[in-house]
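The values are calculated or read from the model by the stated rules, or taken from the named source; none is laboratory data. Please read all numbers here as calculations on a predicted model, not as lab measurements. A quick note on method: Cβ atoms are made from the backbone with ideal geometry, for glycine too, and the neighbour counts reach across all protein chains shown.
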Amino acid sequence: MFQMKTKIIIFILLVSFISCKTPKKYPPEPVITFKELVKNTNELGIDESADLTISFVDGDGDIGLSESDTTAPYNIDGDYYFNFFINFYVKRNGNFEPYPLAIPASQRIPYINHEGKDRSLSGDIIMHLDFLGFGFDNDTIRFDAYIYDRGLHKSNTITTSEIILKTE
């Protein structure tokens with residue numbers, strides 16, 4: 001009987017300890033890490049696009065924009081209409097050089113809603129990147145990317161692995 005009471009008390013103390021554990025604190029600025037870059041090849045063997053996966057953690061949980069977020073500072077002509085920014089680089093003579101695009105590849109991460117006392121968010125974001133019309137010619141490319149949250153906190157910048165494109 002004594003052993004059973006002791007086990008119950010230990011169990012209750014263990015459950016109390018686990019349930020009282022405070023959530024891990026993260027900074028309000030998003031922190032991103034590069035996870036993977038996967039090429040998408042069509043039936044002719046041409047690399048048309050890639051899917052970039054980044055992991056993120058955000059302490060105040062304000063990642064993403066809704067479709068209705070179009071007033072300042074998220075207006076279409078504003079600096080924060082997009083919240084996912086990417087820069088293309090092409091390898092020339094063994095070095096990566098910026099590759100300016102006629103049309104920016106920046107995108108909007110959709111609004112991520114969650115409820116609960118702990119507002120921090122973590123997860124993966126997959127962004128689709130099209131190559132068609134950019135003028136790549138069997139080049140080796142890589143990307144740098146960063147995000148902004150709704151509080152206009154800028155994340156760190158990640159650099160992807162390089163990929164070799166087959167465009168013909």
Open item on the list: Need the failing condition index for residue 134 against (1) in contact (Cβ under 8 Å) with a residue 12 or more places away in the chain; (2) in a loop (DSSP other than H, G, I, E, B); (3) loosely packed, with under 14 Cβ neighbours inside 10 Å, just the number.
Closed with: (3)
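Assigned to a loop (DSSP other than H, G, I, E, B) and over 27 Å from residue 139 (Cα atoms): does that describe residue 73?
Numbers: assigned to a loop (DSSP other than H, G, I, E, B): yes; over 27 Å from residue 139 (Cα atoms): yes.
Yes, satisfied.
If the requirement is being more than 16 Å from residue 32 (Cβ to Cβ) and among the β-branched types (Val, Ile, Thr), which of these qualifies: 141, 125, 86? Spell out the reasoning first.
Details: 125 fails: more than 16 Å from residue 32 (Cβ to Cβ); 86 fails: more than 16 Å from residue 32 (Cβ to Cβ).
141 is the lone residue from the list that is more than 16 Å from residue 32 (Cβ to Cβ) and among the β-branched types (Val, Ile, Thr).
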- [ ] Could you list, in sequence order, all residues of the stretch 32-57 that are hydrophobic (A, V, I, L, M, F, W, C) and surrounded by 15 or more Cβ atoms within 10 Å (Cβ to Cβ)?
- [x] 32, 34, 37, 50, 52, 54, 56, 57
Open item on the list: Taking the condition of being among the aliphatic types (A, V, I, L, M) and crowded, with 19+ Cβ neighbours inside 10 Å, how many residues in the stretch 58-89 meet it?
Closed with: 3
Task: Residues located in the stretch 95-122, provided they are surrounded by 15 or more Cβ atoms within 10 Å (Cβ to Cβ), modelled with pLDDT under 90 and within 14 Å of residue 143 (Cα to Cα) - done: 105
- [ ] Considering (1) over 22 Å from the mean Cα position of the chain (by Cα); (2) surrounded by 15 or more Cβ atoms within 10 Å (Cβ to Cβ); (3) not β-branched (Val, Ile, Thr), say which one residue 92 fails and leave the rest.
- [x] (2)
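Can you tell me which residues in the stretch 121-168 are of a type in the set (S, T, N, Q) and on the phi > 0 side of the Ramachandran plot? Working first, answer last.
Going through the stretch 121-168, the residues of a type in the set (S, T, N, Q) turn out to be 122, 138, 140, 155-157, 159-161, 167.
Within the stretch 121-168, just 138 meets the criteria.
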Open item on the list: Consider the stretch 31-54. How many of its residues are assigned to a loop (DSSP other than H, G, I, E, B) and in contact (Cβ under 8 Å) with a residue 12 or more places away in the chain?
Closed with: 2
Task: Flag for residue 93 being at positive phi and free of Cβ contacts under 8 Å to residues at least 60 places away in the same chain - done: yes
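Given the options 57, 90, name the one that is among the β-branched types (Val, Ile, Thr), in a strand (DSSP E or B) and more than 26 Å from residue 120 (Cβ to Cβ).
Details: 57 fails: more than 26 Å from residue 120 (Cβ to Cβ).
Answer to the check: 90.
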